[in-house]
Amino acid sequence: MTDLSPPAALDRDRIRELFDLRSSYNSFSGGDYTDDPYPVWHELRARAAVHEGTVHRLTGYPGEAMFQGLPFPDRPHFSVFGFEACDAAFRDSETFASSPVAINPIGDDVGVMNSMLSMGGDQHRRYRALVQPSFVPAKAKWWIVNWIQETVQDLVDRIAGDGRAELNTDFCAAIPVLTITGSFGVPVDQALVIRESLRDPAAVVRILAPIVAARRESPSDDLISVLVQAELKEADGTTHTLSDAEIYSFAILLLTAGSGTTWKQMGITLTALLQRPEVLAAVREDRTLLKACVEESVRWLPTDPMFSRHVTRDVDFYGTTLPKGSVLHMCLGAAGRDPERWDRPDEFDPYRPLKRSLGFGGGPHICLGMHLARAEITTGINALLDRLPNLRLDPDAEQPRYVGLYERGATEIPVLFG
Amino acid sequence: MAGQGLVTVDQTLCVGSGMCIVYAPESFDHDEHAKVVALDPMGDPLDAISTAVEACPTGALRLVPQEQEA
Ligand code: HEM
């Protein structure tokens, strides 16, 4: 596990090219959106519990934007913006299903649409149960020691002598993808190839196939080994081990669900701290405060502010009849600033009492990787504070802004230190 | 500190998200299948425990009303 970081592979130019901010705010998910959506979302939430239409249209975004539950042009679309309604939809996964069709993960199709993200009911529980033990809070240390710490230190090494850096691309971007590929046993140079081909499952499978075969021969202490040894209980009581296709679909789910999200949420958290020097100073003094900062960032500006469900039966939902076959969009970004649940909801305040938001989702599909994401973000920010004295925004550079509609994050984060 | 009788745990509803452990780490833990167990005694203040109960995404935790406990 320590052969992960041949230093040359983490070349800064290569990272810049691979994690280019402009292309990462994909225009298909509303990447060219640069306004603050929260004032509109407050208005929408106050006006009605359920709105007809998609979140991007109701927000005033003129283009087509893609995300979970979109586009489905032939179906009626509804959106909710309050905490209670979003939470209720997440929790009732029978009425509000994650996929319009049943999922058959055993076939040859590899991809997120064949993963637990799209499953429902008992099938979802059985698949999720296989991997949940590797993602519990108690496993955070396993992740940090084996795959997070070294990448983080290596990235800080690369900037520590420069007195300045751009933290979003040069630091935050690579940590999540290298953590996940590290846990698969993929070396860094190939990890960057995976990053390049995230939208090409076949290329990812070419890299994973020999590793899966090797772990079937002789398991080691990593995630692919967990998967090849896992036994899935069927509804009829029989068990089977996961097929290669099932393992690939799960691996691709982790890569797509866990890389861009954690990158951007780390950038959002860092920006929030750097723009509030008094909070940053407090965190520097008392690192236990960092946990609350991460929780607050996920409430205040979740990177993925909208998820969707397919309505499986006619249902009266907060006064509106949603017909079977329609799509319900939960704007969990807006839910995180519901004044019914939080005082001064627009303020980033890590001192407020801890309370669940929906930034990691809710109900049975709640984020599998949330404790890993928390571990990456805290390990990353702690390393910056430990090793870059007097870390601050560069006052002469363009200041970071939050952009994007369905994948939100900061623009460049230029800092000085020393 | 509170006793175990304060919260009921339904392992069949638990998906092992670990949300309870985020808010009340001294009161909840997982078994090896990532199913929740309530610790006895519970080491967090009462408001942290009720935050944890409310945070469970699948309703696997319930606060036992105090009258019933007696
Ligand atoms: C701060 C970073 C992250 C955020 C904000 C986030 C957010 C979310 C949200 C909102 C969902 C619910 C989706 C739905 O209900 O349809 C979700 C699901 C999921 N996330 Fe994350 N996520 C993050 C990081 C990660 C990481 C690091 C991983 C793993 C390496 C991961 C893996 C998953 C998986 C596998 C699911 C599907 C779970 C299921 O269907 O049962 N996420 N995430």
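The values are calculated or read from the model by the stated rules, or taken from the named source; none is laboratory data. Here the structure is a predicted model, which means the values were calculated and not measured. Using ideal geometry, Cβ is built from the backbone for each residue, glycine included, and neighbour counts are taken over all protein chains shown. Just the protein is used for accessible areas: all its heavy atoms, side chains included, with ligands, DNA and RNA removed. Shrake-Rupley method; radii C 1.70, N 1.55, O 1.52, S 1.80 Å.
Just the residues that are more than 9 Å from chain B (Cβ to nearest Cβ) and under 26 Å from B:Phe28 (Cα atoms), please, taken from the stretch A:135-154. Give the derivation first.
Looking only at the stretch A:135-154, we keep the residues that are more than 9 Å from chain B (Cβ to nearest Cβ), and these are A:139-154.
Result: A:Lys139, A:Ala140, A:Lys141, A:Trp142, A:Trp143, A:Ile144, A:Val145, A:Asn146, A:Ile148.
Taking the stretch A:220-254 as the search range and keeping residues that are more than 16 Å from the ligand (Cβ to nearest atom) and open to solvent by less than 20 Å² (accessible area, probe 1.4 Å), which one is farthest from A:Ser118 (Cα to Cα)? Let's see the steps before the verdict.
First, pick out the residues of the stretch A:220-254 that are more than 16 Å from the ligand (Cβ to nearest atom): A:220-221, A:225, A:228-229, A:231, A:233-241, A:243-245.
The next check asks that each one be open to solvent by less than 20 Å² (accessible area, probe 1.4 Å); those that pass are A:225, A:228, A:245.
Working: A:Ser225: 24, A:Val228: 21, A:Ala245: 16 Å.
Only one residue tops the list, namely A:Ser225.
Select from the stretch A:263-298 the residues that are free of Cβ contacts under 8 Å to residues at least 12 places away in the same chain and either of a type in the set (Lys, Arg) or part of a helix (DSSP H, G or I) (or both) and list them in ascending order.
First pass over the stretch A:263-298, keeping only residues free of Cβ contacts under 8 Å to residues at least 12 places away in the same chain: A:278, A:281-282, A:285-286, A:288.
Matches in the stretch A:263-298: A:Glu278, A:Ala281, A:Ala282, A:Glu285.
Scan the stretch A:310-334 residue by residue and report those that are within 16 Å of the ligand (Cβ to nearest atom), more than 14 Å from every other protein chain (Cβ to nearest Cβ) and open to solvent by less than 50 Å² (accessible area, probe 1.4 Å).
Pass one, the stretch A:310-334, residues within 16 Å of the ligand (Cβ to nearest atom): A:310-312, A:327-334.
Add one more test, that the residue is more than 14 Å from every other protein chain (Cβ to nearest Cβ), and what stays is A:310-312, A:327-329, A:331, A:333-334.
Selection gives A:His310, A:Val311, A:Val327, A:Leu328, A:His329, A:Cys331, A:Gly333, A:Ala334.
Show me the strands (runs of 3 or more DSSP E) entirely contained within the stretch B:1-66 in which 1 or more residues are of a type outside the set (Asp, Glu) and facing another protein chain (nearest Cβ under 7 Å). Lay out the reasoning, then the answer.
On the way: elements: B:7-9, B:28-30, B:36-38, B:61-63.
The qualifying strands (runs of 3 or more DSSP E) are B:28-30.
Examine the stretch A:53-76 for a residue that is among the hydrophobic types (A, V, I, L, M, F, W, C), within 14 Å of chain B (Cβ to nearest Cβ) and within 14 Å of the ligand (Cβ to nearest atom), and state whether such a residue exists.
no
Condition first: within 26 Å of A:Pro201 (Cβ to Cβ) and more than 11 Å from the ligand (Cβ to nearest atom). Now tell me which residues in the stretch A:255-305 satisfy that.
Hits for the stretch A:255-305: nothing passes.
Out of all the residues in the stretch A:354-376, is one or more within 14 Å of chain B (Cβ to nearest Cβ), more than 13 Å from the ligand (Cβ to nearest atom) and within 28 Å of B:Ala55 (Cα to Cα)? It would help to see each step written out before you state the result.
Step one: list which residues in the stretch A:354-376 are within 14 Å of chain B (Cβ to nearest Cβ), which gives A:354-375.
The next check asks that each one be more than 13 Å from the ligand (Cβ to nearest atom); those that pass are A:354-355.
Next cut, within 28 Å of B:Ala55 (Cα to Cα) only: A:354-355.
Yes, the conditions are met somewhere in the stretch A:354-376.
Any residue in the stretch A:386-395 that is within 20 Å of A:Val177 (Cα to Cα), away from chain B (no Cβ under 14 Å), away from the ligand (no atom under 16 Å from the Cβ) and surrounded by fewer than 24 Cβ atoms within 10 Å (Cβ to Cβ)? Before the answer, list the steps.
Just the residues of the stretch A:386-395 that are within 20 Å of A:Val177 (Cα to Cα), to begin with: none.
No - not one qualifying residue is present in the stretch A:386-395.
Does A:Ala46 fit the bill of being assigned to a helix (DSSP H, G or I), farther than 22 Å from A:Thr303 by Cβ and at pLDDT below 80? Quick ask: steps written out before the conclusion?
Numbers: assigned to a helix (DSSP H, G or I): yes; farther than 22 Å from A:Thr303 by Cβ: yes; at pLDDT below 80: no.
In short, no.
For the stretch A:255-273, which residues satisfy the criterion of being aliphatic (A, V, I, L, M) and either open to solvent by 50 Å² or more (accessible area, probe 1.4 Å) or modelled with pLDDT of 95 or more (or both)? Break it down stepwise before answering.
Just the residues of the stretch A:255-273 that are aliphatic (A, V, I, L, M), to begin with: A:255, A:257, A:266, A:268, A:270, A:272-273.
A:Ala257, A:Met266, A:Ile268, A:Leu270, A:Ala272, A:Leu273 - these are the residues of the stretch A:255-273 that are aliphatic (A, V, I, L, M) and either open to solvent by 50 Å² or more (accessible area, probe 1.4 Å) or modelled with pLDDT of 95 or more (or both).
Please count how many residues of the stretch A:42-70 are under 23 Å from A:Asp32 (Cβ atoms) and open to solvent by 50 Å² or more (accessible area, probe 1.4 Å).
The total comes to 6.
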